[in-house]
Amino acid sequence: MHRVRPLFKAVLASLAAALFVSCGSPVNNASNSSNNAAPSTSPAAASNTNKAKASPSPTASVGGGVIDVTSTPPGAAVILVRVDEGGSGIPERKGSTPVTITGVAPGKYSITLEKTGFKFFQREVVVKENKTSKIAANLKRG
């Protein structure tokens, strides 16, 4: 019974991520085909001089930490979700493996990898300022 809760959380996070990705949510940052998931600045975001500032996303930190994600086989979609005591944040798609996610605000995160024909992979990671966390996933056929 104790293992049911993490499994439920994993399935729920995966479904939420799939919903955001399939709906073309503005959190879908996968348009960068170079597999580099560093946050990019669009022309609209660069001209925010007279606009109210939005709340920072998990990857809005100037310094922050780094998450290095690899998988066998490569090409899995990477979804990052901030996990706090009070709940989970908004899933953010960060490209495909292999990917290095930079400028991640310190804190606890859930990383989900999804690839067609394979079981999803999920791991929690604690990001620390100026430190690199490595995640290497061996995806299983599903």
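A compact table of results
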{"item": "Inter-probe distance in nm under a simple model that places probes 7 Å from Cα toward Cβ, at Lys128 and Ile90", "result": "3.0 nm"}
{"item": "Estimated vicinal HN-Hα couplings, Hz - the stretch 66-76 in sequence order (Karplus 6.51, -1.76, 1.60; Gly, Pro = x)", "result": "10, 10, 9, 10, 10, 8, 10, x, x, x, 7"}
{"item": "Protection proxy ranking, peptides 105-112, 123-130, average beta carbon neighbours within 10 Å, highest first", "result": "105-112, 123-130"}
{"item": "Residues with amide H under 5 Å from that of Ala137, placed H, sequence gap 5 or more", "result": "Thr70, Ser71, Thr72"}
{"item": "Per-residue ³J(HN,Hα) for the stretch 132-142, Karplus 6.51 cos²θ - 1.76 cosθ + 1.60, θ = phi - 60°, Hz, x for Gly and Pro", "result": "10, 9, 10, 10, 10, 10, 9, 6, 9, 4, x"}
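Every number here is computed from the coordinates shown, using simple stated rules; none is lab data. It should be emphasised that the depicted structure is a prediction, and the values quoted were computed from it without experimental measurement. FYI the Cβ positions are ideal-geometry reconstructions off the backbone, even for glycines, and counts take in every protein chain you see.
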